[in-house]
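> I have a structure I would like to understand better, so I am pasting it below and will then ask my questions one at a time.
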Amino acid sequence: MGSLLSYFKNIIFGFWNLLVGLSVTTKYFLSMKTNTQQYPEEKLPLPVRSRSMIKLIYDGEKDQFNCVACMMCAKACPNSCIKLEGVRGADGKRRVTTFKLDFSTCIFCGYCVEACGFDALTFVAEEYENSVYKRGSLLQDEQAMKWVRPAHLAPKPEEEVKAEAASTAKAGV
Amino acid sequence: MVHLIANLLQQALGAVGLSGFAFIINPIVSAVVMFGGISVFVMFLVWMERKVSAHMQSRIGPNRVGVFGLLQTVADALKLTTKEDIKPVHRDKIPYYIAPIIAFVATFAGMIVIPFDKGVSVQNLNIGILYVISITSFTVIAILSAGWSSNNKFALLGGFRSAAQIVSYEVPLVMSLVPVIMTAGTLNLNNVVEYQQKAGYWFVVPQFIAFLIFITSATAEANRAPFDIPEAESELIGGFHTEYSGVKFAMFFLGEYIAIIVSSAVAVTVFLGGWLPLPFLGSLPIPGFAWFVAKLLFVIYLIMAFRWTFPRLRVDQLMDFGWKVLIPISILNILITGFCILFFGKGV
């Protein structure tokens, strides 16, 4: 008799549990709340240092690229996807004339950015929608890669960096 | 509407001197109307399922193709029909080709006795309930032959599981309908609804347990989660339809959704009063067909909510649940209903 009672008790208890589960899902269904990001309409801000696109820094004040065509990036590139040419200007300094980066072979390793000694190449966070309709569109020249660095992303003056490094070194000791 | 078209076509046939063939017009028109209507409804259901599941999981679901993503299923169907039809080399040819056709036709044929409105059904069979149950259980042949002929161990396992499942859940499915048949004294679906109209209550009130058993076993019959062990994605890839692609897969898919429609339609007709309006709302100028579809959508929502709420049963749990819970309780239900008919002259 006891086992018969527990049989029915089990069934009723199980049925109640199922009802509780259904009520939870139905509550969510009726609330119509969404927690997902609706991508093309909403965009999440990426971290400043995320590697989305390689850009050639353009100095708006001097009206020229920072690049001096030293070829360090082209040498550092493992896939040789950077081609650039430069000429010596009237002031005796070399300036870049053409800069071509083939993003169809680029692996975004960042060696070119690291190799650049003149603060001319950089990763940009916000331009991460890099798909194109034609393969040829992946070959970008200096006009396509032109990027003026906004003020809040400008590098800190050298003294400040040195002071910071000294203070962290002290803290480390 | 259907009769109007049929009459017009019959007159046209008579005009060209072929009135001898007039008898084929009615079935053909009904078949075309049913096929078109059901296909569109299935497309709506697929969209609805995706929306229901999305909102249950705090997502939005399809919203790109058409208004609210309503045309998403059309796009999916187009994709399926233009896909390459990949066939396993060592398949058993004849069952491999026949299986999707049976899966589709067997469930689709169940639709013809469903009364959508007062007296509106393709065939007013006097053994309607028996017909629906027997014709829809043909799907087990389709699933078993699909699993066998694919020459794939996952497909075969899915087929075997499905055979075990459908055979054991057929029993409580039928037994949950028996009390209603005993009370109403008819197997005709139209008459069952008319009995409910005369009696003034729907069968879901006195036979609530039977309704629950019917919904549960109908979910199992349609191979829906939580009883989807024949196709169990995480264990068997796709179960019996692992080796099917393109149009053949679409046929299985269509068959699965039509099975849901058929069993929900039977549940609505038998337990929820078919085309009858909701209590106290009978005076509203809403046609019976609209009431029927509204109830149908409610039952289909229930079945969808099952899928997105409950985890899948293990094979032994499935058998336990079928044989140790559903069948004893439905037998008890039949016994109690029988006693009530004997002592009080009518069902509880």
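> For chain B, list the DSSP H helices whose alpha carbon atoms reach 18 Å or more along the long axis and whose average Kyte-Doolittle value is -1.0 or above?
Flagged H segments are B:2-15, B:25-56, B:93-109, B:153-184, B:208-221, B:246-271, B:288-309, B:327-344.
> At 7 Å along the Cα-to-beta-carbon direction for both B:ALA294 and A:LEU5, put a label point, then send me their distance in nm to one decimal.
About 4.5 nm separates the two model spin labels.
> For the stretch B:273-348, would you read off the P(r) tail past 15 Å as a percentage of all alpha carbon pairs?
The share of Cα pairs beyond 15 Å in the stretch B:273-348 comes to 74 percent.
> When we measure straight from the Cα of A:LYS156, which lysines land under 21 angstrom away, once same-chain ones fewer than 8 places off are left out?
A:LYS55, A:LYS62, A:LYS170
> Kindly provide the trypsin sites (Lys or Arg not before Pro) of the stretch A:1-98 that DSSP labels as loop, not H, G, I, E or B, and whose Cβ sees at most 11 other Cβ atoms within 10 Å.
Of the trypsin sites (Lys or Arg not before Pro), the ones in loops of the stretch A:1-98 whose Cβ has at most 11 other Cβ atoms within 10 Å are A:LYS33, A:ARG49, A:LYS62, A:LYS93.
> Compute the separation of the alpha-carbon centres of the stretch B:271-348 and the stretch B:90-119 and state it in Å as a whole number.
Comparing the Cα centres of the stretch B:271-348 and the stretch B:90-119, I get a distance of 24 Å.
> Same structure, new question: Which of B:PHE280, B:PHE292, B:PHE44 ends up with the largest GNM mean-square fluctuation for chain B, with Cα atoms connected below 10 Å?
Per the Cα network of chain B with a 10 Å cutoff, B:PHE280 tops the list.
> I would also like to ask the following. Apply 1/(1 + (r/R0)^6) to the Cβ-Cβ distance of A:ALA166 and A:ASP91, taking R0 = 51 Å, and write down the FRET efficiency to the nearest 0.05. List each step's numbers first, then the result.
Working: r = 35 Å, r/R0 = 0.70.
After rounding to 0.05, the efficiency reads 0.90.
> Quick one: 3J(HN,Hα) in Hz for the stretch A:118-133, Karplus 6.51/-1.76/1.60 with θ = phi - 60°, rounded, Gly and Pro as x.
Going residue by residue, I get 10, 6, 10, 10, 7, 8, 10, 7, 7, 8, 10, 9, 9, 6, 10, 8 Hz, with x marking Gly and Pro.
> Let me ask you something else. Label A:MET32 and A:ARG49 with points 7 Å out from Cα along Cα→Cβ: what is the distance between them in nm?
About 4.4 nm separates the two model spin labels.
> Please compute the alpha carbon radius of gyration of the stretch A:53-154, then divide it by the globular-protein estimate 2.2 N^0.38 Å. Two decimals is fine.
For the stretch A:53-154, the normalised Cα radius of gyration is 1.05.
> Given Cα pairs under 8 Å that are at least 6 residues apart, what percent is the relative contact order of chain B?
After rounding, I find 21 percent.
> For chain A, state what percent of all Cα-Cα pairs lands in each successive 5 Å bin, counting from 0 Å until the bin that includes the largest distance.
1, 6, 11, 13, 12, 10, 7, 6, 5, 4, 4, 4, 4, 4, 3, 3, 2, 1, 0, 0, 0, 0
> Would you mind checking which residues have amide H under 5 Å from A:ASP59's amide H? H placed 1.01 Å from N; only 5 or more apart, or other chain.
A:GLN64, A:PHE65, A:ASN66
> Here is a follow-up. Just report the Cα centroid separation between the stretch B:124-138 and the stretch A:53-121, whole Å.
So the two Cα centres are separated by 77 Å.
> Going by alpha carbons, how many degrees (0 to 90, nearest 10) lie between the helix axis of A:2-31 and the longest principal axis of chain A?
40
> What is chain A's relative contact order, in percent, from Cα pairs under 8 angstrom and six or more apart in sequence?
25
> Are there trypsin sites (Lys or Arg not before Pro) in the stretch A:96-173 that DSSP marks as loop and that have at most 11 other Cβ atoms within 10 Å, and which are they?
Answer in residue order: A:LYS134.
> Considering Cα pairs under 8 angstrom that are at least six residues apart, work out the relative contact order of the stretch A:53-154 and quote it in whole percent. It would help to have the intermediate numbers written out before the result.
On the way: 160 pairs, mean separation 38.5, N = 102.
Taking the mean separation of contacting Cα pairs over the length of the stretch A:53-154, I get 38 percent.
> To the nearest 10 degrees, how steep is helix A:158-172 against the longest Cα principal axis of chain A, on a 0 to 90 scale?
50
> Here's something else I'd like to know. Quick one: which residues, 5 or more positions from A:LEU139 or on another chain, have an amide H under 5 Å from its amide H? H modelled 1.01 Å from N in the peptide plane, none for Pro or chain starts.
A:PHE103
> Suppose each label sits 7 Å from its Cα in the direction of the beta carbon; what would the B:LYS87-B:ILE331 distance come out to in nanometres?
Going by the 7 Å Cα→Cβ label model, 4.7 nm.
> Give me the number: length gained by fully extending A:THR105 to A:MET71, i.e. 0.36 nm times residue separation minus the C-alpha to C-alpha distance, one decimal in nm.
10.4 nm
> Now, a different point. Mind checking which of B:ILE209, B:ILE112, B:ILE143 has the largest fluctuation in a GNM of chain B, springs on alpha carbons under 10 Å?
Residue with maximal mean-square fluctuation among B:ILE209, B:ILE112, B:ILE143: B:ILE209.
> Find, among the chymotrypsin sites (Phe, Trp or Tyr not before Pro) in the stretch A:53-116, those assigned to loop by DSSP (not H, G, I, E, B) with at most 15 other beta-carbon atoms within 10 angstrom. Mind showing how you got there, number by number?
On the way: sites: A:TYR58, A:PHE65, A:PHE99, A:PHE103, A:PHE108, A:TYR111; in loops: A:PHE103, A:PHE108.
Listed in order of number, the matching sites are A:PHE108.
Bear in mind these aren't lab numbers, they're just calculated from the coordinates by the rules spelled out. Every value quoted in this text rests on a predicted model; they were computed, and no experiment measured them. Every residue, glycine among them, receives a Cβ derived from its backbone with ideal geometry; neighbour counts consider all protein chains shown.
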